[in-house]
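First up is the structure itself, then whatever we jot down about it.
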Amino acid sequence: MDYNGFFASALDALRDERRYRIFADLERIAGRFPQAIWHSPQGKRDVVIWCSNDYLGMAQHPKVIGAMVETATRMGTGAGGTRNIAGTNHPLVELERELADLHGKEAALVFTSGYVSNQTGIPTIAKLLPNCLLLSDALNHNSMIEGVRQSGCEKLVWRHNDVGHLEELLKAADPKRPKVILFESLYSMDGDVAPVHAICDLAEKYGAMTYADEVHAVGMYGPRGGGICEREGAMHRVDVLEGTLAKAFGCLGGFITGSKEMVDAVRSYAPGFIFTTALPPAICAAATAAIKHLKTSQWERDRHQDRAARVKAVLNAAGLPVMPSTTHIVPLFVGDPDKVKAASDMLLAEHGIYIQPINYPTVPRGEERLRITPSPYHDDLLIDKLAEALVDVWDRLELPTRQQAMAAE
């Protein structure tokens, strides 16, 4: 039996569909972000990262690095096992308290990643609700889709951000049946925002729970970095707020926050929590330092929004097809899997600019794009160089201009 042949065929299928991905070997340098070293086939090269989810550059913040180094020196590197076996390291207890406070909830539970918090949190909650009906936004992240699938519960998918369609589905459901509405507060590929209050209004009207993924918003929105729901004054209206420690907080891990009973039930039943080694103390301490800093510092959020607005303005002025976005996400439309890969390769090899191509299944076929995420540390010179490089690549590859992309819509 040629087992490797099966794997090779699967890889060939990805290549035929233009979905095979190659990772760039990058070495970030603390204190110089977004500068990095690319270990290219021809040797080391300086590059600028334009697509990191370390949105605020907190992975290099002195407070965060200091907390990690001090805690690792004092407590060692590993957590020693699952929390059920090894107990809970104290920095993890402090982190969960900090997260509960951030979102105005009674309790929080930390997982090894944002993906896991959705993948195991959603089905655990759903299975504990008898005959639960899950109503999921059509553009929810794969981790939420997997969580819904693994629940084994009935699901209904509502059109993206269409509260009219959501109400139709809720109205048709048995009023006595437990229901959970699942949505993201900020969708990372298009940069659009959920109508949080309208969703909560429907949840209250039809007796449903609400579960909001704030992964791409925590740290960056709201007066203390609580996310879109905090910015909209809606944290108290959402039953479960889920997020990550790996993006704006610059570390690793995911979490859910909510009532004491809900969090304790997930802690007690979720296999993805029970049977997984806990986050190490040093990572927990670093995440706590990032959260505490961003609760009181507005500079990063203000500068971040300023940089995103300038990138959009400069790229639009250059005639590039910037897709509409009211947030820090700057999607640039390409619409072809081969050309989006070629554009990414040219930017890296010829201009020292790293922007990973986004293609199917992350976005629908025909909506391939470059996803640009400015940080507070991308200065005007870097933005101007980005625009010049993009115009060069767009001209040489004959990619759609802003006017052509708008006409196609």
Restricting attention to the stretch 242-265, the residues that are over 28 Å from V69 (Cα atoms) and in contact (Cβ under 8 Å) with a residue 12 or more places away in the chain number exactly 7
Could you check the stretch 268-298 and list, in sequence order, the residues that are open to solvent by 20 Å² or more (accessible area, probe 1.4 Å), hydrophobic (A, V, I, L, M, F, W, C) and outside any helix (DSSP H, G or I)?
F275
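Go through D16, D12, D46 for me and flag whichever is over 30 Å from S297 (Cβ atoms), acidic (D, E), at pLDDT 95 or above and more than 21 Å from the chain's Cα centre (by Cα).
Among D16, D12, D46, only D12 is over 30 Å from S297 (Cβ atoms), acidic (D, E), at pLDDT 95 or above and more than 21 Å from the chain's Cα centre (by Cα).
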Output the number of residues of the stretch 139-168 satisfying the condition of being open to solvent by less than 40 Å² (accessible area, probe 1.4 Å), over 17 Å from the mean Cα position of the chain (by Cα) and closer than 21 Å to A265 by Cα.
3
Would you confirm whether or not the stretch 224-241 contains a residue that is acidic (D, E), in contact (Cβ under 8 Å) with a residue 60 or more places away in the chain, in a loop (DSSP other than H, G, I, E, B) and crowded, with 18+ Cβ neighbours inside 10 Å?
no
So, in the stretch 352-371, exactly how many residues are open to solvent by less than 70 Å² (accessible area, probe 1.4 Å) and aromatic (F, W, Y)?
1
Counting only residues that are among the aromatic types (F, W, Y), modelled with pLDDT under 95 and in a strand (DSSP E or B), how many does the stretch 345-371 have?
0
Among the residues of the stretch 324-337, is there at least one that is outside any loop (DSSP other than H, G, I, E, B), more than 30 Å from V93 (Cα to Cα) and free of Cβ contacts under 8 Å to residues at least 12 places away in the same chain?
no
Which of the residues spanning the stretch 121-138 are among the hydrophobic types (A, V, I, L, M, F, W, C) and surrounded by 20 or more Cβ atoms within 10 Å (Cβ to Cβ)?
I122, I125, A126, C132, L133, L134, L135
Which listed residue is touching a Phe, Trp or Tyr at 6+ places or on another chain (Cβ under 8 Å), open to solvent by 40 Å² or more (accessible area, probe 1.4 Å) and farther than 30 Å from H293 by Cβ, from K179, K171
K171
Strands (runs of 3 or more DSSP E) lying entirely in the stretch 83-197 (those with 3 or more residues that are over 22 Å from G227 (Cα atoms) and in contact with a Ser or Thr (Cβ under 8 Å, 6 or more places away or on another chain)):
154-158
When (1) in a loop (DSSP other than H, G, I, E, B); (2) modelled with pLDDT of 95 or more; (3) under 29 Å from V330 (Cβ atoms); (4) out of contact with any helix residue (DSSP H, G or I) (no Cβ under 6 Å at 6 or more places or on another chain) are applied to A217, the one that fails is (4)
If I ask for residues that are within 14 Å of V163 (Cβ to Cβ) and touching a residue at least 40 places away in the same chain (Cβ under 8 Å), which ones from the stretch 195-223 would you list?
V196, H197, A208
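Tell me which residues, restricted to the stretch 372-401, are touching a Phe, Trp or Tyr at 6+ places or on another chain (Cβ under 9 Å), outside any loop (DSSP other than H, G, I, E, B) and either open to solvent by 10 Å² or more (accessible area, probe 1.4 Å) or among the aromatic types (F, W, Y) (or both).
L382
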Does the stretch 246-267 contain at least one residue that is over 25 Å from V330 (Cα atoms), open to solvent by 10 Å² or more (accessible area, probe 1.4 Å) and among the aromatic types (F, W, Y)?
no
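Just a yes or no: is a residue in the stretch 56-67 basic (K, R) and more than 27 Å from G226 (Cβ to Cβ)?
To start, the set of residues in the stretch 56-67 that are basic (K, R) comprises 63.
From what is left, the residues that are more than 27 Å from G226 (Cβ to Cβ) are none.
No, the stretch 56-67 has no match at all.
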Among the residues of the stretch 332-351, are any within 19 Å of the chain's Cα centre (by Cα) and surrounded by fewer than 19 Cβ atoms within 10 Å (Cβ to Cβ)?
no
List the number of the failed condition for T71; all other conditions in (1) β-branched (V, I, T); (2) out of contact with any helix residue (DSSP H, G or I) (no Cβ under 8 Å at 6 or more places or on another chain); (3) surrounded by 17 or more Cβ atoms within 10 Å (Cβ to Cβ) hold.
(2)
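The values are calculated or read from the model by the stated rules, or taken from the named source; none is laboratory data. All values reported here derive from a predicted model rather than from experimental measurement. Every residue, glycine as well, gets a Cβ built from its backbone with ideal geometry; the counts of neighbours run over all protein chains shown. These area figures cover heavy atoms from the full protein model, side chains too; ligands, DNA and RNA do not enter into them. Shrake-Rupley method; radii C 1.70, N 1.55, O 1.52, S 1.80 Å.
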